[in-house]
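Participant: Structure provided below as structure tokens; questions to follow.
What follows draws every value from the coordinates through simple rules; no lab data is involved. Computed from a prediction, not measured in an experiment: that's the story for all the values here. Because the Cβ atoms are built from the backbone with ideal geometry, glycine has one as well, and the counts that use them run over all protein chains shown.
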């Protein structure tokens, strides 16, 4: 006898196959990534203190921008810790980011309005922004909360020193206060970077360059990787006439902050002071390469080309500085305003006028001389050279060009 073969239920088979496929997918792709309840995750959230430690290390190695990013990550994880905002703001001031530093100092004060260092860092940021009245208010509060803090005294020295240097602020004789604050800073905080930096700044400001050098060197012993301190030490060495050491410090400053145009600018001027005009022009060109739209740097390059006797290119660069325009690379340069307070700007103008006059372009040169006499009437070099150009143009009709540096008085500015 034969038994009848049962019929296959293909619908049931299809359901089973689908279920098997689903189970296989879950087992292979879902379960390995799923978290077991009440079990720690395999990648725990990083401790914000580790970010702070890394940020401090980056700062000590002169990597200011990386330090800032790391502090920001610590704040993302722990946004209610006022001390992290203070540390971040401090590094931002070292990096020249004064607006951001001010914001973060104020963020710290929102979390703790009685934090003396938050008030002090806020004052330091405002000092660098030139808001001396508001800075003085914050500084007064910081010292009320902690009168024996050496770093706060250092920030006070910077504040009153800048008032004196810029002839601004609410006080008649701020330099006396600045000197006392800088002395207090190094007494109260002998191992503080800011204390020795502030003392060096005030000593240099009061024409004690040799003592200033010693304080800058002490600051560098504490942290050898801060561009701004190397830059200021280089300026101090140049003031003492030690050009080789000045150039070394400018090179170090450029190493720690390659985007800063000042090391190359100052190097060009240091080399020009010893007659190395060809090298000076190379450094001046390097500064322009970092910021090709800056008319002040263009003027410096043009002046160095003039001193190295490359007059055609000097005219090109000085024209871009004074008149504005577009350079060969398509960079747009705005005109440099002729203002007092920086004798080098007037120098760019009268050297350009001299070059124009000696190229039979008195129609372009004479308006510049009038502008010099009107805009900077108290600059004796500008007045001398403006009158020289006017006399040259009055006598030049039908006569050959004169050697550009035969008669004019071009006084280098420190």
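Participant: Grab the beta carbon distance between residue 166 and residue 331, set R0 = 41 Å, and tell me the FRET efficiency rounded to 0.05. Display every interim value, and only then the final one.
Facilitator: Details: r = 31 Å, r/R0 = 0.75.
Calculated transfer efficiency: 0.85.
Participant: Ranking 99, 381 by Cβ neighbours within 10 Å, fewest first, what do you get?
Facilitator: On the way: 99 10, 381 19.
So the ranking, lowest neighbour count to highest, is 99, 381.
Participant: Extension gain residue 255-residue 374, at 0.36 nm per residue separation less the Cα-Cα distance, in nm?
Facilitator: Here the answer is 38.7 nm.
Participant: By how many nm would the segment from residue 244 to residue 273 grow when fully extended, if each residue of separation counts as 0.36 nm and the alpha-carbon distance is taken off?
Facilitator: Values: separation 29, 0.36 × 29 = 10.44 nm, distance 1.17 nm.
Between residue 244 and residue 273, full extension yields 9.3 nm more.
Participant: With N denoting the number of residues in the stretch 48-147, provide Rg(C-alpha) divided by 2.2 N^0.38 Å, to two decimal places. Mind showing how you got there, number by number?
Facilitator: Details: Rg = 12.9 Å, N = 100, 2.2 N^0.38 = 12.7 Å.
That ratio works out to 1.02.
Participant: Oh, and also: Which of 267, 273 comes first, and how do the rest follow, when ranked by fewest Cβ neighbours within 10 Å?
Facilitator: So the ranking, lowest neighbour count to highest, is 273, 267.
Participant: Moving to a separate point now. By how many nm would the segment from residue 49 to residue 342 lengthen if fully extended, with 0.36 nm per residue of separation less the alpha-carbon distance?
Facilitator: Values: separation 293, 0.36 × 293 = 105.48 nm, distance 4.61 nm.
Taking residue 49 through residue 342 to full extension adds about 100.9 nm, to one decimal.
Participant: Pop a pseudo-label 7 angstrom from the Cα along the beta-carbon direction at both residue 207 and residue 140 and give the gap in nm to one decimal.
Facilitator: Those two pseudo-labels are separated by 3.3 nm.
Participant: Mind sorting 186, 177 by how few other Cβ atoms lie within 10 Å of their own Cβ, fewest first? It would help to have the intermediate numbers written out before the result.
Facilitator: Working: 186 21, 177 17.
Listed from fewest to most nearby Cβ atoms, that is 177, 186.
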